[in-house]
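What follows is a single structure, written as structure tokens, with notes after it.
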Amino acid sequence: NKGDEVAWYADGDNMVRNEYNPSIAYAFDKVFGPATTTRRVYDVAAQHVVSGAMEGINGTVFAYGVTSSGKTHTMHGEQKSPGIIPLAVKDVFSIIQDTPGREFLLRVSYLEIYNEVINDLLDPTGQNLRIREDAQGTYVEGIKEEVVLSPAHALSLIASGEG
Ligand SMILES: Nc1ncnc2c1ncn2[C@@H]1O[C@H](COP(=O)(O)OP(=O)(O)OP(=O)(O)O)[C@@H](O)[C@H]1O
Ligand SMILES: [Mg+2]
């Protein structure tokens, strides 16, 4: 609507090609065109990370891109089109519901990395935190970990961290 022009387009499922110089193209495991819903992106690219995590496999969903490329849109979304985070939270709790034979303890942390400095978004006093490693694995020292019991609880914590 603003008259911006498409500079890169999805050429099939695995290529991004330059609109002005078609010899410039990059290959990816998966490329989604502009008509793709976030729900579809979640189902193809994130759902298996979430279900894997619930079986004990560490997982990361990482949004990377220049400003205005759609990271927040994709990860947060909005009420009528929820993003990866609310979709994942919903899935986590439905997996728990469907696995009555196992007990789960769910904890949420929320941090930012800003100019190479880690700050705790759930605790304003948690600034410039250190990353450490021990036999258990890698962790952020002193970060707040809040136990969550419902999707609404998890999402309200994340919303409080946005402030
Ligand atoms: N797939 C999409 N469909 C419709 N609108 C989108 C889509 N992706 C992004 N937008 C819109 O484009 C604008 C910029 O997107 P967004 O804020 O998500 O970018 P960002 O990568 O988070 O940028 P920043 O690095 O500045 O935080 C927003 O108005 C957003 O609603
Ligand atoms: Mg953003």
When every residue in the range 54-90 that is under 25 Å from R107 (Cα atoms) and either among the charged types (D, E, K, R) or assigned by TED's automatic domain parsing to the domain that holds V16 (or both) is compared, the one nearest to ligand 1 (Cβ to nearest atom) is K71
Hey, among the residues in the range 20-36 that are of a type outside the set (F, W, Y) and out of contact with any strand residue (DSSP E or B) (no Cβ under 6 Å at 6 or more places or on another chain), which one's farthest from ligand 2 (Cβ to nearest atom)? S23
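Would you tally the residues in the range 18-42 being in contact (Cβ under 8 Å) with a residue 12 or more places away in the chain and more than 30 Å from P86 (Cβ to Cβ)?
The qualifying residues number 4.
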Looking at N58 and the list (1) closer than 20 Å to V6 by Cα; (2) exposed (fewer than 12 other Cβ atoms within 10 Å of the Cβ); (3) away from ligand 2 (no atom under 11 Å from the Cβ), which single condition is not satisfied? (1)
Looking at the range 64-71, is at least one residue open to solvent by 40 Å² or more (accessible area, probe 1.4 Å) and in contact (Cβ under 8 Å) with a residue 12 or more places away in the chain? no
Anything in the range 61-83 that is within 14 Å of ligand 2 (Cβ to nearest atom) and hydrophobic (A, V, I, L, M, F, W, C)? List them, or say none. F62, A63, V66, M75
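The values are calculated or read from the model by the stated rules, or taken from the named source; none is laboratory data. Just so we're clear, the structure is a prediction, and the values are computed from it rather than from any experiment. Quick reminder, even Gly has a Cβ in these numbers, built from the backbone with ideal geometry, and neighbours come from all protein chains shown. Remember, those area values only see protein heavy atoms, side chains included, never the ligands or the DNA or RNA. Shrake-Rupley method; radii C 1.70, N 1.55, O 1.52, S 1.80 Å.
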